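Data first, discussion second: the structure below is written as C-alpha cells.
Rule-based calculations on the coordinates, nothing more; no lab input. What you are looking at is a predicted structure, and each value in this text was computed from that prediction instead of being measured. With ideal geometry, Cβ positions are generated from the backbone for all residues, glycine too; neighbour counts draw on all protein chains shown.
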C-alpha cells in the first residue's frame, strides 16, 4: 500500500509563536498528570479520580460541557470523559479524537499516556469557538492499560460498543498514543521483523498506523500532515497480528467496524522507560511534541470540513 507524500527531511524550522505557546501548555498538563498526580489506575483509585476531574475541569475551562461515560470496573466506578463540538452541516458525521488517561501499574505514565492527553486537550482548546461542518468528539478513555487491555472493561471498547448500539455515524477515529519521545541518534528506532527493512532506524518521526480496513483514513491524514507540517512522519497499514499495530484504543473501534488509526511515537520501540517507574516528565521532548500537535490540529480541521 502506497503512503502518499514524502516524509520531511532536514533541519527543523524555528518554532512558530503558536508552537512555543503550545510547548508550555503541553508540559504543564504532562507535569500535572505524571508529577502531581502520578500513577493513576484502579489500583490507585483516588489518583485515577483526580486525573478524571482534572481533565473534566480542563474541558470546562475551555468552554465545553463535558459528560462522563461511567461504568463499573472491579468494584469501582470509572469514567470516560467526553467533550463535543457539534458540526454545522453534517452534524451526524462524527470525528473522534481520543487518548487514554490511565497509566500502567508502577509508572507515572508521562509519555504513556499523559503526553497524548496533553495533546488531546491542546487540540480541543484550539478548536473551541470554531465552526466545522462535521462534529468533533474528544474522549479521554479510562482503563486502556493492563489488566483491562482488550477486555470488555476497556474504556474505549465501552465507548465504541455504545456508539455502535446508538448507530452513531463515526467516520474517523484518531487515537493519540505516546507523543513525546524523539531522537536523532542512528539506531534509536526498533521494529518487529521484518519492518526494519522498510523504515528508518532513527527515532525522529511520528507514526501513523492502521489496519488494512482503515488505510483510506490513514492516507488522508498522513497526506495532510506531510502537506502542512515540516516534521518527519511514517505510515503503515498492516494486519492486526503485527506487533504493536493494535496496542491501543483504536483496536476497540476496529472491533466495531469503525475506521480508526493510531498516531504514536512508537512507544516501546524507541523508549526504554516504557511502563517503568522512570517514565517521568523530564524524559519528553516538548518542542517536537508541540510541532506534532500543531500538525495534528491541521489534519483534524481538514477532516472536519
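For the reader, a short list of remarks on this structure follows.
- Rounded, prolate or oblate (a/c below 1.5 giving rounded, otherwise prolate when a/b exceeds b/c) for the stretch 68-141 by Cα gyration tensor: oblate
- The residue 202 and residue 25 beta-carbon pair, evaluated with R₀ = 30 Å, returns a calculated FRET efficiency of approximately 0.60.
- Dividing the helix sum by the residues of the chain, where each DSSP H run of 4 or more adds -39500 (n - 2.57), gives a mean residue ellipticity at 222 nm of -10000 deg cm²/dmol.
- Looking at the chain, the DSSP beta bridges with both ends there are about 40 percent antiparallel.
- Length added when fully stretched, residue 283-residue 35, from 0.36 nm per residue minus Cα-Cα: 88.1 nm
- Built from the Cα atoms of the stretch 242-291, the convex hull projects on average onto 4.7 nm², one quarter of its surface area.
- What separates the Cα centres of the stretch 84-134 and the stretch 184-206 is a distance of 27 Å.
- Relative contact order (%) - criterion: Cα under 8 Å, at least six apart; region: the stretch 228-305: 32
- Answer label for semi-axes √(5λ) of the Cα gyration tensor in Å (calculated), chosen among [x] 25, 22, 20; [y] 29, 28, 15; [z] 35, 20, 20: [x]
- When each of the peptides 118-125, 274-281, 137-144 is scored by the mean number of other C-beta atoms lying within 10 Å of its residues, the order from highest to lowest reads 137-144, 118-125, 274-281.
- The stretch 58-104 shape via C-alpha gyration tensor axes, a/c threshold 1.5: prolate
- Relative contact order of the chain, defined on C-alpha pairs under 8 angstrom at six or more residues apart (%): 25
- The alpha carbon gyration tensor of the stretch 17-153 gives principal lengths a ≥ b ≥ c with a/c of 1.5 or higher and a/b no greater than b/c, which makes the shape oblate.
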